[in-house]
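Structure record follows, encoded as structure tokens.
The values are calculated or read from the model by the stated rules, or taken from the named source; none is laboratory data. Computed from a predicted structure; not experimentally measured. Positions of Cβ are generated from backbone atoms using ideal geometry, with glycine treated the same way; all protein chains shown enter the neighbour counts. For the accessible areas, the whole protein counts, side chains as well, though only heavy atoms, and no ligand, DNA or RNA atoms are used. Shrake-Rupley method; radii C 1.70, N 1.55, O 1.52, S 1.80 Å.
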Amino acid sequence: MDNSSMILRRGNPIRLSLAAAPLLLAGCLPAPPVAKKSDADRVVAVRTVAVTESEVQPTTLQPATVHAFYRSEIRPKASGFVSQLNVDIGDVVQAGQTLLQIDVPEMSKQREVIQARIARLKAEEKRAAAGVNLADAQVRSSQAGLVEAESEMNRADASLAAAESEFQRTSDLVERGSLQDRMLDEVRKKRDSERATKQAVASAIDSAKADVAVTEAQKVAAQANLEAARAETMIAERELEELDVMIDYATVRAPIAGIVSERNVEPGDLVGKASDQASTRPLFVISQVDKLRVRIPVPETDAARVNPGDEVTLTFPSFSGEPPIKAPVTRRSGSLDPSTRTMIVEVELENTDGKLLPGMFGQASINLSTKVAANMLPSRAIRFSEDGKAYVYVVGQDETVTVAAIETGLDNGKAIQVRSGLLPGQRVIDAHLKRFTDGQKVTVLAN
């Protein structure tokens, strides 16, 4: 239908333009109502709240990641083929439990060779010990000869002294004419004989001393040979012990108790020493999960205020319907990562039920230990634009509204910190369904 009105006349409709309709109907329609004030012109009654300065417990909300308390990557120390595989992923293992066995037959042969060498060295050691015993007997024999020679010297000294005394007495008697000169000659010869005997004994003593020195030197040499033989034996035994350690490395054991979270080896695989495979994947990864570490990267602005013992509230998307986990800060790294400008904070959690898994992601709210003074507003008085920027409706003394952008900070669920844009004591419109504009008049209700 076009822009026209329909008037019935004797049952037939007659079309009239809308412009002519008021003229025809002016006499029969009632007078139009008086126009009312628009909503924009009305003065809205509002309640206000004031910005208050109070001491608050600052918090920092950061991402958190769950890690195993200990995570051990197992790499082989011995080279060989995997002959036996005892565990798989998901298995719980104890410290020292055998994970796999590496076949090392060449080391077994080396062990037999070293054992044979040790047996030969022990035989040489016995021979050297016998040489020491023989040298010791020779020393004792030469020392006995020296003692005997020294005894002969004492006898010779006594005989010589007796001969000298007899010679002096006989000489006196000959001088007085009591004896013939022939008797003095006999006594002289006897004295000279005793002197010669003493010289012979002295020579025997020198010879006996030389024998003692020789035999003692031989004993020292024999003892040195024994010590050398023992040293050779000890070296071979240490080589055997070293080889036994290498053979023991062929049995790969779990260094910690935990769960096998990775297995990268199959029976029959050729594996090598860890030094040759530093860039390859480990044979196993064992994670200790009965106790966990939650690591939280704290930004530079808050890092200095986080201390061990500060309360941490942890939430995880996997357990959104459950109450948050509360635990204290266990430790802090004490330095910032240059690439992220964050400091790692750790929280330890008991996980005996296995509920939490390494790698889980969540959020951590840390109550910082130092309280701060902050300008606070009730959360309901702060609005947010579509782009997420916060603003409030400030009411001046003339009850005129001003829309003010603000920067928010701490949020305790009931009140939000106003970092900038407002001063303590300024009043803003409390929760209200209506939107306001700059310069709009309002009526402030008494609180």
query: Right, residue 267: part of a loop (DSSP other than H, G, I, E, B), open to solvent by less than 80 Å² (accessible area, probe 1.4 Å) and either touching a residue at least 12 places away in the same chain (Cβ under 8 Å) or farther than 30 Å from residue 80 by Cα (or both) or not?
result: no
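Within the range 149-170, take every residue that is among the acidic types (Asp, Glu) and open to solvent by 60 Å² or more (accessible area, probe 1.4 Å) and give me the one that is farthest from residue 222 (Cα to Cα).
Among them, the one singled out is 152.
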query: Does the range 360-378 contain any residue that is out of contact with any Lys or Arg (no Cβ under 7 Å at 6 or more places or on another chain), closer than 17 Å to residue 70 by Cα and of a type in the set (A, V, I, L, M, F, W, C)?
result: yes
Criterion violated by residue 236 - all others in (1) open to solvent by 40 Å² or more (accessible area, probe 1.4 Å); (2) modelled with pLDDT under 95 satisfied: (1)
- prompt: For the range 348-379, how many residues are open to solvent by less than 70 Å² (accessible area, probe 1.4 Å), farther than 18 Å from residue 319 by Cα and outside any loop (DSSP other than H, G, I, E, B)?
  reply: 10
Residue in the range 203-214 that is farthest from the chain's Cα centre (by Cα), counting only those that are in contact (Cβ under 8 Å) with a residue 24 or more places away in the chain and under 12 Å from residue 145 (Cα atoms): 204
task: Tell me, please, whether a residue that is in contact with a helix residue (DSSP H, G or I) (Cβ under 7 Å, 6 or more places away or on another chain), open to solvent by 50 Å² or more (accessible area, probe 1.4 Å) and modelled with pLDDT under 90 can be found in the range 413-430.
output: yes
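Please work out if residue 386 is of a type in the set (Asp, Glu), open to solvent by 40 Å² or more (accessible area, probe 1.4 Å) and under 20 Å from residue 289 (Cα atoms).
Considered against the rule, which asks whether it is of a type in the set (Asp, Glu), open to solvent by 40 Å² or more (accessible area, probe 1.4 Å) and under 20 Å from residue 289 (Cα atoms), residue 386 comes out as no.
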statement: Scanning the range 103-148 residue by residue, the ones that are out of contact with any Ser or Thr (no Cβ under 7 Å at 6 or more places or on another chain) and either open to solvent by less than 70 Å² (accessible area, probe 1.4 Å) or closer than 26 Å to residue 238 by Cα (or both) total 30
message: Looking for something in a loop (DSSP other than H, G, I, E, B), touching a residue at least 60 places away in the same chain (Cβ under 8 Å) and under 23 Å from the mean Cα position of the chain (by Cα) - is there at least one such residue anywhere in the range 299-308?
response: yes
message: Please determine whether any residue of the range 246-264 is open to solvent by 70 Å² or more (accessible area, probe 1.4 Å) and more than 27 Å from the chain's Cα centre (by Cα).
response: no
- prompt: Does residue 285 qualify as being under 11 Å from residue 366 (Cβ atoms) and in a strand (DSSP E or B)?
  reply: no
- prompt: What about residue 197, is it out of contact with any His (no Cβ under 6 Å at 6 or more places or on another chain), at pLDDT 90 or above and assigned to a helix (DSSP H, G or I)?
  reply: no
field: Matching residues, the range 380-407, being not aliphatic (A, V, I, L, M) and not in a strand (DSSP E or B)
entry: 380, 385, 386, 387, 388, 389, 396, 397, 398, 399
